[in-house]
Amino acid sequence: QVQLVESGGGLVQPGGSLRLSCTASRSISGIYDMGWYRQAPGKQRELVASITWGGSINYAESVKGRFTISRDNAKVYLQMNSLKPEDTAVYYCNARQIYTNIVSWGQGTQVTVSA
């Protein structure tokens, strides 16, 4: 099972930017679909963005045009621009092995958007 570690969270003012990184313990090329999820206090965890092993990308409507997901051999990134207070949440990295459907989660990184 792949291990995932997120980094890059923090406190940012509205309108600012952050870049989240998720580092995998092994290569994710060709065999893992990857995603970023977030969970705000009192709310359910929701999908923010996903990228398949083949490079197909999907975004939540609330972040389209502001967030960009990308990946390389062992990392997945989430570039977040024009941040809003409602983007405040713990952001989690997710990996799904396409042959076994085994899902792994990182420990999460806090993003706080506040003046």
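The values are calculated or read from the model by the stated rules, or taken from the named source; none is laboratory data. Keep in mind the model is a prediction, meaning the values are calculated, not measured. Don't worry about glycine lacking a Cβ; one is built from the backbone with ideal geometry, like all the others, and counts go over all protein chains shown. Accessible surface is based on the protein model in full, side chains and every heavy atom, while ligands, DNA and RNA are left aside. Shrake-Rupley method; radii C 1.70, N 1.55, O 1.52, S 1.80 Å.
See the values below:
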{"read-out": "Scope segment 94-114; condition in contact with a Gly (Cβ under 8 Å, 6 or more places away or on another chain), open to solvent by 80 Å² or more (accessible area, probe 1.4 Å) and under 20 Å from Ser56 (Cα atoms); matching residues", "value": "none"}
{"read-out": "Breaking point among (1) in contact (Cβ under 8 Å) with a residue 60 or more places away in the chain; (2) surrounded by 14 or more Cβ atoms within 10 Å (Cβ to Cβ), for Ser70", "value": "(1)"}
{"read-out": "Tabulated pairs, segment 79-93, first closer than 11 Å to Val63 by Cα, second open to solvent by 40 Å² or more (accessible area, probe 1.4 Å) and assigned to a helix (DSSP H, G or I), C-beta under 9 angstrom, 6+ apart or interchain", "value": "Lys84/Ser62; Glu86/Ser62; Asp87/Ser62"}
{"read-out": "Within segment 73-107, tally of residues that are under 14 Å from the mean Cα position of the chain (by Cα) and either within 12 Å of Ile51 (Cβ to Cβ) or of a type in the set (D, E, K, R) (or both)", "value": "9"}
{"read-out": "Residue selected from segment 17-52 under the condition in contact (Cβ under 8 Å) with a residue 60 or more places away in the chain and open to solvent by less than 20 Å² (accessible area, probe 1.4 Å), by the criterion farthest from Arg71 (Cα to Cα)", "value": "Arg38"}
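Condition check ((1) on the phi < 0 side of the Ramachandran plot; (2) not charged (D, E, K, R)) across all residues:
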| position | (1), (2) |
| --- | --- |
| Gly65 | no, yes |
| Asp72 | yes, no |
| Leu83 | yes, yes |
| Cys93 | yes, yes |
| Arg96 | yes, no |
| Asn101 | no, yes |
| Gly106 | yes, yes |
| Thr112 | yes, yes |
